[in-house]
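K.L.:
My questions will all concern the structure given below.
Values quoted throughout were computed directly from the atomic coordinates according to the rules given, and no laboratory measurement underlies them. It should be emphasised that the depicted structure is a prediction, and the values quoted were computed from it without experimental measurement. Neighbour counts run over all protein chains shown; Cβ positions are idealised from the backbone, glycine included.
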Amino acid sequence: MMNRAQDQAVQIVLDPEIPGGVYLCQVSETVSCGACCGLYNVAGLSRDGLYALLAKRTHRFSEMAGRNLDAVLSFRKWVEESEPQERPFPEFHHCPYIGLIGRDASRPGCLLHPLGNSGIDLRGISDYGGFACRTYFCPTHDCLSADIKILIRKAARDWFEYGLMITEASLVQAFLDVAGHVAACRTAPDPDPADIMRELMDLKCCWPYRSDPASGLIHYFFNDKLYARAPVDYAAIGAEASPYNRIFQELGSGFDSVKALREAEAIVEALLKRTALLRREFSAL
């Protein structure tokens, strides 16, 4: 008898043209990721604030009289003059041409893409260049199994949390690996795997023990590791390294007391017991 994950796996059709077989950039009318474009690399990051910035930018772009080089460069100049340019990660480029796309402008995407410009591809004007925009795939495509990537796509409730989570391949894998040594928390009935993944998304978005709250949500996931997450400083509070150290580092954690560390361990342990159910569902992990 197949479990839910095996039944789902039967229905998975991998795309041979996509690394890892699962497309992660544009998922649905309300879910997409623009993290590689520096979408989240803004000061004072919040869902509402980022949406407002993208909406204003998209409206301005739609009012341009033409799509010629001068008009597009003028739009960039307007973005740079009208929006704050402080970046939590100064060398992580935030593309001024990322806005809202779709029939209801309900998810982030490229304002220079040919689908929004009568078939004309304007992405060569961007800093990354048209080739990179067309061919780059983030490390998650190769780092996570297809069924887990599909689960994250399914679990995402909106674009904001999806883009923050889908690039966290190391965090997701850390939870799955550590959960392999934890007894599953059995409930009746067992929770939907998507609900467990949503709990992990909530933990990522609302983790209260970040060493740097200003930049902790943002993940620089590129392979050059220019902004690698710092090790957790346990010595500063006179504590031994936590058995959940790998998870804490991926969450960008810092603790001001042993009490805070133990509280964090309790939060993670509770979720690990539920994550162990994912390992049971996805037995190939």
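K.L.:
Among all the lysines, which ones have a C-alpha under 25 Å from LYS259's C-alpha, if same-chain residues fewer than 8 places away are not counted?
P.N.:
Cross-link targets: LYS204, LYS273.
K.L.:
Quick one: grab the alpha carbon gyration tensor of the range 97-154, order the square roots of its eigenvalues as a ≥ b ≥ c, and give me rounded if a/c is under 1.5, else prolate or oblate depending on whether a/b is larger than b/c.
P.N.:
On the way: a/c = 2.93, a/b = 1.51, b/c = 1.93.
Oblate.
K.L.:
Normalising by the residue count of the chain, find the relative contact order in percent from Cα pairs under 8 Å and 6+ residues apart.
P.N.:
Rounded, it is 22 percent for the chain.
K.L.:
On to the next question. May I ask you to list the residues of the range 239-261 whose amide nitrogen lies under 17 Å from a point 7 Å from Cα along the Cα→beta-carbon direction of PHE89?
P.N.:
Inside the label zone: 249-253.
K.L.:
Something else about it: What is the gain in length, in nm to one decimal, between ASP192 and GLU81 on full extension, counting 0.36 nm per residue of separation less the C-alpha to C-alpha distance?
P.N.:
Numbers: separation 111, 0.36 × 111 = 39.96 nm, distance 4.65 nm.
So the extension gain works out to 35.3 nm.
K.L.:
Another question, then. Given a Förster distance of 25 Å, report the FRET efficiency between ALA270 and ALA43 from their Cβ-Cβ distance, rounded to the nearest 0.05. Display every interim value, and only then the final one.
P.N.:
Numbers: r = 33 Å, r/R0 = 1.31.
FRET efficiency, ALA270 to ALA43: 0.15.
K.L.:
Turning to a different aspect of this structure: For q values of 0.13, 0.15, 0.20, 0.21 Å⁻¹, compute log₁₀ I(q)/I(0) with the Debye formula on a Cα-only model of the range 141-281, without solvent.
P.N.:
-0.56, -0.75, -1.31, -1.42
K.L.:
A further question follows. Report the charge-dipole magnitude of the chain in Debye, nearest 20, computed about the Cα centre from +1 at each Lys and Arg Cβ and -1 at each Asp and Glu Cβ. It would help to have the intermediate numbers written out before the result.
P.N.:
Working: 30 positive and 36 negative charges, 64 e Å.
I would put it at about 300 debye.
K.L.:
Right, something else. Report the calculated FRET efficiency for THR30 and ALA235 (r = Cβ-Cβ distance, R0 = 45 Å), to the nearest 0.05. Walk me through the intermediate numbers first.
P.N.:
On the way: r = 44 Å, r/R0 = 0.99.
According to the calculation, E is roughly 0.50.
K.L.:
Then there's this: Shape call for the chain from the C-alpha gyration tensor, a ≥ b ≥ c root eigenvalues: rounded (a/c under 1.5), prolate (a/b greater than b/c) or oblate? Don't skip to the end; give the middle numbers.
P.N.:
On the way: a/c = 2.34, a/b = 1.46, b/c = 1.61.
It is oblate, given that a/c is not under 1.5 and a/b is not larger than b/c.
K.L.:
In whole percent, what relative contact order does the range 141-281 give with Cα contacts below 8 Å and a gap of six or more residues? It would help to have the intermediate numbers written out before the result.
P.N.:
Details: 134 pairs, mean separation 50.5, N = 141.
With pairs under 8 Å counted, the relative contact order is 36 percent.
K.L.:
Another question, if that's okay. Suppose only helical runs count, i.e. DSSP H with n ≥ 4. What mean residue ellipticity at 222 nm does that imply for the chain under -39500 (n - 2.57) per run, divided by all residues and rounded to the nearest 500 deg cm²/dmol?
P.N.:
-13000 deg cm²/dmol
K.L.:
Here's a follow-up. State which helices in the chain qualify, where a helix is a whole DSSP H run, it must extend 30 Å or more along its own axis by its Cα atoms, and its mean Kyte-Doolittle hydropathy must be at least -0.5. Please list the in-between numbers first.
P.N.:
Values: long enough: 258-281 (34 Å, 0.02).
Length and hydropathy pass: 258-281.
K.L.:
For the range 206-253 and the range 18-49, what is the centre-to-centre distance using only Cα atoms, to the nearest Å?
P.N.:
22
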